[in-house]
Amino acid sequence: MQTKILLQDHQIPKHWYNVAADLDSSPAPILHPGTLAPVGPEDLTSIFPMSLIEQEVSRERWIEIPEEVQKIYQLWRPSPLYRAHRLEAALKTPARIYYKYEGVSPAGSHKPNSAIPQAYYNKMAGIKRLATETGAGQWGCSLSLANSYFGLETTVYMVRVSYGQKPYRKNLMELWGAEVIPSPSNRTEAGRRMLAEAPDTTGSLGMAISEAVEDAASHSDTNYALGSVLNHVCLHQTVIGLEAIEQLKLVEDYPDVVIGCCGGGSNLAGLTFPFVRDKINGKQIRLLAVEPNSCPTLTKGSYAFDFGDTAKLTPITKMYTLGHDFVPPGIHAGGLRYHGASALVSQLHHEGIIEAAALPQTACFEGAVMFARTEGIVPAPESSHAIRAAIDEAVKAREEGQQRTILFNLSGHGHFDMSSYEAYLGGQLEDYAYPEENIAASLAKLPQVK
Ligand SMILES: *Cc1c(COP(=O)(O)O)cnc(C)c1O
């Protein structure tokens, strides 16, 4: 029985798949944060290169991956697909469980799949420096890595609570040449304002995005790079699902359910979008997004127009949101602490194509430990949400006495998350209640779009 399912180097995808080409209804317009009028490509050129703006609004189905990007992808792609025989045995399940492992990238997660092309297109546009935000540090590391391949400078605004929780992530970014600043900071007007309002704030992705966007917009040689949410980021991540489909063909299998954890939605999009195409074309398949119950964007948020950041600097998109100034509890899956979700993932959820579930963090850590003790790989706390959902599906299959094929994304490893595992194994990890009042208060402040 095959455990590790590999493609050859030359089987790396040559195109990204753009799900917008296969949607019935057109995506909602992107609105200007000041005027609330639809924005055109020109409005975004102060922070993004035109090539990425074009991808953001493209409805072309296949978009070519530049050769230089393919060459760097080939350092770790195609990534392995594993059959989880040992986990299946431990669960005594008749289900077949597969996972696509994105922790093999130098930064340890799926995020370089988009960082590499973003650095490439900015380099081609003559940009010298990229400013960005990072939560748990995965995106900051991935962009620092990508920029070091292309000789670009990196400034990372790192959410303050993660800056404290993940010191080695900061070291890793610095090792790849980045400057790392805890956010909110005194560097930007947005940061100074937020510090004046709440000096002890844990920070949030929304705040850090405000700082990075302001930095980029106020320097002509500097652009902004976002690690999730945007259409072009989801597009770049589709190499994951495209490879997984080919790998499953090698073992003549096809999933009944495909699972990904969801923060902004990029790794979920990357694995599921190529299957969305099959589903739209009539395949019976379930696609499941898993989020923390303390930041339940898809399951408890509103489907509405909202800002991507706290200071209302970013364009307004229609998405599931908990409100742009919602500050989620300081859970250890820092990469899932975002108030919004990708517009494409949101639309697909709204149309009933992608389902969503919310899980508490201790149940996810329990699943992660079981996974580490059977499969050996230590998962990122974010990925543990997908693992827990996959385990629950496998247990259901056992109880119902039904065969089923489960595929999930192991979006990254947890080698820099040992303090989280220490807290869990020491019995010190708590579950946060669903912050209902904070969410209601923040949803009351959504922009009034007619
Ligand atoms: C950032 C991150 C996530 C969450 O981001 P998405 O855009 O929702 O994928 C999930 N897993 C890992 C390992 C991450 O680094």
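The values are calculated or read from the model by the stated rules, or taken from the named source; none is laboratory data. This is a predicted model, so every value here is computed, not measured. FYI the Cβ positions are ideal-geometry reconstructions off the backbone, even for glycines, and counts take in every protein chain you see.
Quick notes on this one:
- Any hit, region 409-416, residues being within 25 Å of LEU81 (Cβ to Cβ) and hydroxyl-bearing (Ser, Thr, Tyr): yes
- Breaking point among (1) at pLDDT below 95; (2) closer than 17 Å to GLU133 by Cβ, for ILE331: (2)
- Those strands (runs of 3 or more DSSP E) lying entirely in region 1-94 with at least 1 residues farther than 29 Å from ALA389 by Cβ: 15-17, 62-64
- Residue within region 302-325 that is hydrophobic (A, V, I, L, M, F, W, C), in a helix (DSSP H, G or I) and under 23 Å from ASP431 (Cα atoms) present: no
- HIS15 passes every criterion in (1) touching a strand residue (DSSP E or B) at 6+ places or on another chain (Cβ under 8 Å); (2) buried (at least 16 other Cβ atoms within 10 Å of the Cβ) apart from (2).
- Boolean, GLU355 is surrounded by fewer than 19 Cβ atoms within 10 Å (Cβ to Cβ), free of Cβ contacts under 8 Å to residues at least 24 places away in the same chain, of a type outside the set (A, V, I, L, M, F, W, C) and more than 25 Å from GLY203 (Cβ to Cβ): no
- The criterion of being surrounded by 15 or more Cβ atoms within 10 Å (Cβ to Cβ) and of a type outside the set (A, V, I, L, M) holds for TRP76.
- Being at positive phi and either assigned to a loop (DSSP other than H, G, I, E, B) or within 14 Å of the ligand (Cβ to nearest atom) (or both) is a property that GLY126 has.
- Some residue of region 345-360 being touching a helix residue (DSSP H, G or I) at 6+ places or on another chain (Cβ under 7 Å) and of a type in the set (D, E, K, R): no
Okay, residues lined up against (1) out of contact with any Asp or Glu (no Cβ under 9 Å at 6 or more places or on another chain); (2) without any contact (Cβ under 8 Å) to a residue 60 or more places away in the chain; (3) surrounded by 24 or more Cβ atoms within 10 Å (Cβ to Cβ):
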{"position": "PHE305", "(1), (2), (3)": "yes, no, no"}
{"position": "LEU313", "(1), (2), (3)": "no, no, no"}
{"position": "ILE316", "(1), (2), (3)": "no, no, yes"}
{"position": "THR321", "(1), (2), (3)": "no, no, yes"}
{"position": "PHE326", "(1), (2), (3)": "yes, no, yes"}
{"position": "GLY334", "(1), (2), (3)": "no, no, yes"}
{"position": "SER342", "(1), (2), (3)": "yes, no, yes"}
{"position": "ALA368", "(1), (2), (3)": "yes, yes, yes"}
{"position": "ALA390", "(1), (2), (3)": "yes, no, yes"}
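- Complete set of residues in region 204-245 that are in contact with a strand residue (DSSP E or B) (Cβ under 9 Å, 6 or more places away or on another chain), more than 16 Å from the ligand (Cβ to nearest atom) and not hydrophobic (A, V, I, L, M, F, W, C): SER210, GLU211, GLU214, ASP215, HIS219, ASP221, THR222, ASN223, TYR224, GLU243
- Subset tally (residues that are more than 8 Å from the ligand (Cβ to nearest atom), farther than 16 Å from VAL213 by Cβ and not in a helix (DSSP H, G or I)) for region 131-145: 1
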